[in-house]
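The values are calculated or read from the model by the stated rules, or taken from the named source; none is laboratory data. All figures in this text were calculated on a predicted structure; none of them were measured in a lab. Cβ sites come from the backbone with ideal geometry, for glycine too, and all protein chains shown count toward neighbours. Ligands, DNA and RNA are stripped out before the accessible areas are found, and what is left, the full protein with its side chains, is counted by its heavy atoms. Shrake-Rupley method; radii C 1.70, N 1.55, O 1.52, S 1.80 Å.
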Amino acid sequence: MLHTLSVLALGLMLGIGHAHAAAGDDILDIVAPFEISGTDPSTAGDLFLKMGVAETLVGADEAGKPVAALASSWELSDDGTVWRFKLRPNVTFHDGSPLTAQAVVAALTAAKGKPGILNKAPIEGISPDGNDVVIRLSEPFAPLLAFLAQNTTAILAPAAYDDKGRVTQVIGTGPYRISLLQAPQKMTVERFDGYWGEKPSIRAASYLAVGRGETRALMAESGDADFVFNLDPASRTRLSRSPKVNVLSVSIPRSVLLKINAGDPLLKDTRARQALSLAVDREGIAAAILRYPAAANQLFPPSVASWHNANVQPLAYDSAKAKALLAELGWKPEADGILAKDGQRFTLTLTTYPDRPELPLVAAVLQEQLKEVGVAITINSTNSSEIPATHQDGTLQMGLVARNFALVPDPIGTMLQDYPPQGGDWGSMNWSNAEFDQAIKHLSKVSDAAQGQPLREKAVSILQAELPVIPIAWYQQTAAVSKKLENVRLDPFERDFGLASMRWAQ
Amino acid sequence: MTRVLGYRLFQALLVALTVGVLTFIMIRALPGDMAYRIAAGRYGYDMVNTDAANAVRTELGLDQGGTTALGQWFSDLVRFDLGVSVVSGEAVIDEVRHQLGHTVELALAAVLLSLLIGPPLGILAGLRPGGVIDRGLLLVSSTLRALPHFVVGLLLIIVLATGMGVLPAAGHGEPQNLILPALTLALGLAAVSSRVARDAMAGVAGSPYYAFGRTKGLSDAQVLRRHGLRNVSVPIVTYLGVQFIYLIEGVVVVETLFAWPGIGHALVHAIFARDVPVIQGTALVMGLMFVLLNALVDLACYLIDPRRQAA
């Protein structure tokens, strides 16, 4: 026993005596909050894409426009229903097998059979034709290219799947291949010498999922990690003064919004929703909680140029006007200041989830701000799945959500899911507008950006006027990057960490 | 002795049965639709929606009755099959082995460290009750025990990792990664075990046989070695059994804080995602481990204390 103890003690002293080597080697250590939930692209495809392990048929540039990836080019039939993708030649998977049309068809077919994005496109058939992949649609669907850039459609080798279509190992085509995968927290990758594209400068990298924001920030500060993704506001301020790291940030197409049940008797009237919107001090929330100027005066931030509409009347903070609108609807304050009408009090349940730690904080501030105009809010902070679940059973009153409009690189993908006439799990609820529906439907068939512009403007101005959801704040993605790293840029669509283009400073 | 071990074996069987049924009932009783929770666990908050939940429901046959699922689990258990995680699709036994291995490594290091820190200081304090060491130790141990693991861990990171830069802040894979989380747990354990050792030592040092040892001319060190240590170690070892519970509670927080891929962290996630096979498998293995550890504590006390062997 004594012997064991002294060995341990010695080990401890040696451990403390030696400066640790963790971030001192040439392995790039990446830390982010996302856990690796398996080997299948439908659950962990985002990380395989971010780490440069897997690739998609179509890529996306910084503006979200489709660019060539595993498909070098594509063409669309005149009736808009047949897409033909030409595969890039001489691409090999990490197991040495060649990228063939059959392999791509098998991977896409497997992806379409699982929850994800492909099953939401009107696809009739995916088939190989020589070295081309042909996708037949039942109707024209312009966002298909964006859908094929989404991480759940990542192309893995035939050997990656078992006979039931489940992924047993991750064999991609990317510049890096997996050398160790310890779900749910750790993955290490090394450069793949047979990569078709430019050879990356960074030889190897490790990924660690760290759930706590404080821990992530401390790892950046201590030098244990070279690239730390997603910083909490307090740590961001502190790290920006650190001599060892640079703090980068980029505006991303994700918005905090109040999802509203427009069928609820209290919220049915557009004026009630406008009153709630007027009661929200967005500047205050952005400054106090998110700590960057991100008050959302419409659904999309200016960085999403095609969907941001500079001509709409910005959502403003005016509690006097909010009170006036509610009075117009017949609501009168009771002794405690809460509004009532015909014996019914204006009380609502606000459902949110702590997966994004700022949401419950924003909910608490909203509770205070809405109380000012006489609306009593009960906060229910629960699992994220309660939003779609209570949307379906109709019990949701209001939900505070952080919605990603870049599920696919073109926001139309999210818009189609969230704002169909019957409502969407993460968007409108018991709200529809014929003009809006027509604009969105039309947009899904128009592939020309200029032609779609008036339709997008119309859709956004209708949302702004009728408020089926109330925008609260826009997001910025932040990362702390070691000063030893060069050529780092943040992808506004969060598809890629950019590992392949980074390099160590000389 | 055989009787004691036989009792522990019986206890193990009972634990397996109770854990299996109780975790199952508790998970089923939790609010919320299981299919949605599992879908959120698998696909994340951006991608969870009704389609995903329905696909999960069909795939896992969640509409079948609870008794069928529980019966299935027991019939698999008899064949030593713990099933497959409904979130990651990996075999539960592999996940438990991987994660429990990390937790056992952390817990063992913490217990050894705490034994290095706690009992020696406690014995020193107990030899001079009311002295400077005794009073200082009371203050330090009360403070450490009152601070949550989370705070102790953060303080250690700030001082040793970001401040002095001698240890990694978090992560795993390198031997040094073990030190801070183990120390965080060990300080909490030592805070209490030092008090137990101090009280036991004070009791022994105040006893007539101890005084007699001194009277017959033994030196301080001799009397401690011959009449002190063995008597003091029985309560300390017995108390170890109790500390395992404190450890399990501690690893959940410490593993999350230090990004240590252990079972505590995994269990919390499994509960959020209603990953019933993982929860059942983990609870079962942890329950059996408790029985084993307590059996070992019994055995150690039996070896230390000759009176038990005579009885």
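Assorted remarks:
- Test for B:GLY20: is it within 24 Å of the chain's Cα centre (by Cα), more than 30 Å from B:SER193 (Cβ to Cβ), of a type outside the set (Lys, Arg) and open to solvent by less than 50 Å² (accessible area, probe 1.4 Å): yes
- Taken over the stretch A:352-375, the residue count meeting the criterion of being part of a loop (DSSP other than H, G, I, E, B), open to solvent by 60 Å² or more (accessible area, probe 1.4 Å) and either of a type in the set (D, E, K, R) or not assigned by TED's automatic domain parsing to the domain that holds A:GLY330 (or both) is 1.
- Residue match in the stretch A:263-284 (condition: in a strand (DSSP E or B), in contact with a helix residue (DSSP H, G or I) (Cβ under 6 Å, 6 or more places away or on another chain) and open to solvent by 20 Å² or more (accessible area, probe 1.4 Å)): no
- The lone exception for A:PRO243 - which of (1) within 28 Å of the chain's Cα centre (by Cα); (2) loosely packed, with under 14 Cβ neighbours inside 10 Å it fails: (1)
- Which listed residue, of B:VAL268, B:VAL278, B:VAL251, is in contact with a His (Cβ under 9 Å, 6 or more places away or on another chain) and within 14 Å of chain A (Cβ to nearest Cβ): B:VAL278
- Exclusive hit being within 14 Å of another protein chain (Cβ to nearest Cβ), open to solvent by 20 Å² or more (accessible area, probe 1.4 Å) and of a type in the set (Val, Ile, Thr), set B:ILE158, B:ILE133, B:ILE123, B:ILE179: B:ILE158
- Within the stretch B:246-271, residues that are on the phi > 0 side of the Ramachandran plot have Cβ atoms under 9 Å from residues that are among the basic types (Lys, Arg) and in a helix (DSSP H, G or I) in these pairs: B:ALA259/A:ARG216, counting only partners at least 6 apart in sequence or on another chain.
- Which numbered condition A:GLY213 misses (of (1) touching a helix residue (DSSP H, G or I) at 6+ places or on another chain (Cβ under 7 Å); (2) within 20 Å of A:LYS484 (Cα to Cα); (3) open to solvent by 10 Å² or more (accessible area, probe 1.4 Å); (4) not acidic (Asp, Glu)): (2)
- Residue within the stretch A:292-302 that is surrounded by fewer than 14 Cβ atoms within 10 Å (Cβ to Cβ) and in the same structural domain as A:PRO468 (by TED's automatic domain parsing) present: yes
- Restricting B:ALA29, B:ALA40 to those that are crowded, with 17+ Cβ neighbours inside 10 Å and of a type in the set (A, V, I, L, M, F, W, C) reduces the list to B:ALA40.
- Looking across the stretch A:416-428 at every residue that is in contact (Cβ under 8 Å) with a residue 60 or more places away in the chain, within 16 Å of A:SER384 (Cβ to Cβ) and surrounded by 21 or more Cβ atoms within 10 Å (Cβ to Cβ), the one that is nearest to the other protein chains (Cβ to nearest Cβ) is identified as A:TRP426.
- Residue in the stretch A:334-345 that is assigned to a loop (DSSP other than H, G, I, E, B), closer than 13 Å to A:TRP474 by Cα and not acidic (Asp, Glu) present: no
- All conditions in (1) over 30 Å from B:LEU160 (Cα atoms); (2) within 11 Å of chain B (Cβ to nearest Cβ) hold for A:GLN185, with the sole exception of (1).
- Residue within the stretch A:30-48 that is among the aromatic types (Phe, Trp, Tyr), modelled with pLDDT of 95 or more and assigned by TED's automatic domain parsing to the domain that holds A:PHE147 present: no
- Strands (runs of 3 or more DSSP E) within the stretch A:24-96 that include 2 or more residues open to solvent by 50 Å² or more (accessible area, probe 1.4 Å): A:66-68, A:71-76, A:82-87
- Matching residues in the stretch A:286-301 - criterion: being farther than 29 Å from A:GLY374 by Cβ and at pLDDT 90 or above: A:PHE300, A:PRO301
- Reported count of residues in the stretch B:69-100, each being open to solvent by 70 Å² or more (accessible area, probe 1.4 Å), among the hydrophobic types (A, V, I, L, M, F, W, C) and either under 25 Å from the mean Cα position of the chain (by Cα) or farther than 16 Å from B:LEU288 by Cα (or both), is 3.
- Looking only at the stretch A:376-388, and only at residues there that are open to solvent by 10 Å² or more (accessible area, probe 1.4 Å) and within 22 Å of the chain's Cα centre (by Cα), the one that is farthest from the other protein chains (Cβ to nearest Cβ): A:SER381
- Evaluated against (1) at pLDDT 85 or above; (2) more than 14 Å from every other protein chain (Cβ to nearest Cβ), B:ALA53 falls short on exactly one condition, (2).
- All of B:LEU167, B:LEU147, B:LEU185, B:LEU139 fail the test of being of a type in the set (A, V, I, L, M), under 21 Å from A:GLN185 (Cβ atoms) and either at pLDDT 90 or above or open to solvent by 30 Å² or more (accessible area, probe 1.4 Å) (or both), apart from B:LEU185.
- The set of residues in the stretch A:431-480 that are open to solvent by 40 Å² or more (accessible area, probe 1.4 Å) and of a type in the set (Gly, Ala, Ser) comprises A:SER432, A:ALA434, A:SER447, A:ALA449, A:ALA450, A:SER461, A:ALA465.
- The helices (runs of 4 or more DSSP H) located wholly in the stretch B:218-311 that include 3 or more residues which are farther than 25 Å from B:PRO31 by Cα and open to solvent by less than 40 Å² (accessible area, probe 1.4 Å) occupy B:229-257, B:276-304.
- Of the candidates B:GLN99, B:GLN72, the single residue that is assigned by TED's automatic domain parsing to the domain that holds B:ILE271 and more than 30 Å from A:GLY413 (Cβ to Cβ) is B:GLN99.
- Test: residue in the stretch A:397-415 that is part of a helix (DSSP H, G or I), away from chain B (no Cβ under 14 Å) and open to solvent by less than 70 Å² (accessible area, probe 1.4 Å): yes
- From the list A:ALA364, A:ALA376, the lone residue that is under 20 Å from A:ALA473 (Cα atoms) and touching a strand residue (DSSP E or B) at 6+ places or on another chain (Cβ under 9 Å) is A:ALA364.
- Of the candidates A:LEU180, A:LEU218, the single residue that is within 14 Å of chain B (Cβ to nearest Cβ), more than 23 Å from the chain's Cα centre (by Cα) and open to solvent by 20 Å² or more (accessible area, probe 1.4 Å) is A:LEU180.
- Residues of the stretch B:228-252 classified as under 19 Å from B:ILE263 (Cα atoms) and hydrophobic (A, V, I, L, M, F, W, C), total: 6
- When the test is whether a residue is farther than 20 Å from B:PRO261 by Cα and assigned by TED's automatic domain parsing to the domain that holds B:THR256, B:VAL111 does not pass it.
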